[in-house]
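Taking it in order: structure first as structure tokens, then the write-up.
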Amino acid sequence: DVAVSVDIQPRRLLETWITGQRFDLGLSTLPAQHPDIDTRLLFELPAVAVLPVGHRLADATALTVEDLADDPFIALTVGTALRRQVEAIFGHANTILRPTVEVSQTHLACQLVSLGAGVTICDPMVPTGFPGRLATVPITPWYPMAFGMHFLRGRTSSPEAKALEGIVRERADAFLEEMGFTQ
């Protein structure tokens, strides 16, 4: 008996939307770095290389960024959270990220990978939207990609928002189990 509005916004607008009190609950990658935002961890998943099905590395058990050096790399645009994470993964390997293509959304990066335009690195959830078209292989060493819920600090959640938080937690746990991810 509650009306729910779902609005998908670019991650870079997270702080503006939360502090502007435009919603009760935000879901995104972590971290959120704003003093007026409370964040609650939902789960962490390993970063994965995303490859087109049939790619020469698609059957590997794990890959390093060096393994991807011979392929065009599709990255998110500078300033996005995922771009910073991927740059950190490359940095840990003492390698510089040199993308061939830059896009604004992870779904677009995966779409381009499915068309054979290159490879990318992201969380393992987005590629599940491309069944039979993408292969994912964990990046080694393990690099966590965290997801959480965001709330305006000091604001008391309504009973409906608290119920939604519980539903989100239950669904996240079920998703992890369905996908074979354990925490």
Cβ-derived FRET efficiency at R0 35 Å, ALA146 paired with THR64, nearest 0.05: 0.95
Kirkwood-based Rg to Rh ratio, the chain, C-alpha trace: 0.99
Placed amide H near VAL103: partners under 5 Å, 5+ positions off or other chain: ALA75, LEU76, THR77
Spin-label pair GLN21/PHE175, simplified geometry with 7 Å Cα→Cβ offset, distance in nm: 2.9
19 Å reach of a label modelled at GLN33, 7 Å along Cα-to-Cβ, counting backbone N of region 66-91: 76-91
Region 149-166 versus region 1-51: alpha-carbon centroid distance in Å: 13
Carbon/sulfur fraction of accessible area - the chain, other protein chains in place, 1.4 Å, %: 53
Distance (nanometres) between label positions extended 7 Å along Cα→Cβ at GLU87 and ARG12: 1.2
Net lengthening on full extension, VAL2/LYS162 (0.36 nm per residue, minus Cα-Cα): 56.3 nm
Extension reserve of the VAL78-LEU57 stretch, reckoned as 0.36 nm per residue once the Cα distance is removed: 4.9 nm
Burial ranking of peptide ranges 92-103, 50-61, 4-15 (average Cβ count within 10 Å, highest at the top): 50-61, 92-103, 4-15
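The values are calculated or read from the model by the stated rules, or taken from the named source; none is laboratory data. Here the structure is a predicted model, which means the values were calculated and not measured. Methodologically, a virtual Cβ is constructed for each residue, glycine included, from the backbone with ideal geometry; neighbour enumeration extends over all protein chains shown. Ligands, DNA and RNA are stripped out before the accessible areas are found, and what is left, the full protein with its side chains, is counted by its heavy atoms. Shrake-Rupley method; radii C 1.70, N 1.55, O 1.52, S 1.80 Å.
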